[in-house]
Amino acid sequence: MRDLVREVVAEHAAHELPLVDSLRTLDDDRVVRTLAGGGQKREPLGFGYAEVSALVTPVVWLVLDQAARRTVDRATEGLLARGRAGVRRLLRRAPGAPSRTLIALDPVELALVRTRIVEQATERGVDRREAEALADSVVARIATAAAADEARPETPGAGS
């Protein structure tokens with residue numbers, strides 16, 4: 001997800017790359033709190049939160065974070081519904097939270113991601129046309145990444 005955010009920001013708002021790169025050093029929960037404005041403490045980013053509010057980075061990162069959380073929640077619920085009692089113990093004992101990743105999204109979920117990005121970007125003052133181009137870019141990258149993952153052959157022992 002972090003790489004996808006960086007690629008989209010590089011294409012649509014290259015001047016925000018220092019922000020993206022500084023956020024990539026933080027864990028996902030802290031990034032979300034920072035971009036959503038939940039932690040109004042002094043963060044070591046070198047600028048105030050007011051500057052963050054009108055940027056492309058928060059729009060893309062926060063929408064993708066929501067999508068990743070939903071897909072993980074749905075997958076976890078599916079496992080638990082099938083009676084895998086050991087999953088709960090594993091989840092409780094898992095060391096530190098890993099970075100969030102987007103698993104393949106279906107067309108309805110992709111449309112929802114597109115809609116949310118357009119809504120969030122226009123609310124932050126981004127021109128409608130630019131917001132739609134941004135959303136299209138994000139959705140295209142998610143779809144092509146999923147297609148590339150499906151096309152990649154699974155070869156045991158590769159890279160050894």
Legend entry - First in the stretch 126-154 and over 14 Å from E109 (Cβ atoms) and surrounded by 17 or more Cβ atoms within 10 Å (Cβ to Cβ), second anywhere and of a type in the set (A, V, I, L, M, F, W, C) and modelled with pLDDT under 70, Cβ under 6 Å, 6 or more apart: none
Legend entry - Failed criterion for L102 (all others in (1) in contact with a helix residue (DSSP H, G or I) (Cβ under 8 Å, 6 or more places away or on another chain); (2) at pLDDT 85 or above; (3) not polar (S, T, N, Q) hold): (2)
Inset, instruction - Taking E51 as the residue in question, decide whether it is assigned to a helix (DSSP H, G or I), open to solvent by 40 Å² or more (accessible area, probe 1.4 Å) and either more than 28 Å from A140 (Cβ to Cβ) or modelled with pLDDT under 55 (or both). - result: yes
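The values are calculated or read from the model by the stated rules, or taken from the named source; none is laboratory data. Note that the structure is predicted; figures quoted are calculated from it, not measured. Glycine gets a Cβ as well: all are built from the backbone with ideal geometry, and neighbour counts include every protein chain shown. Please note that ligands, DNA and RNA were not included when accessible areas were found on the heavy atoms of the full protein model with its side chains. Shrake-Rupley method; radii C 1.70, N 1.55, O 1.52, S 1.80 Å.
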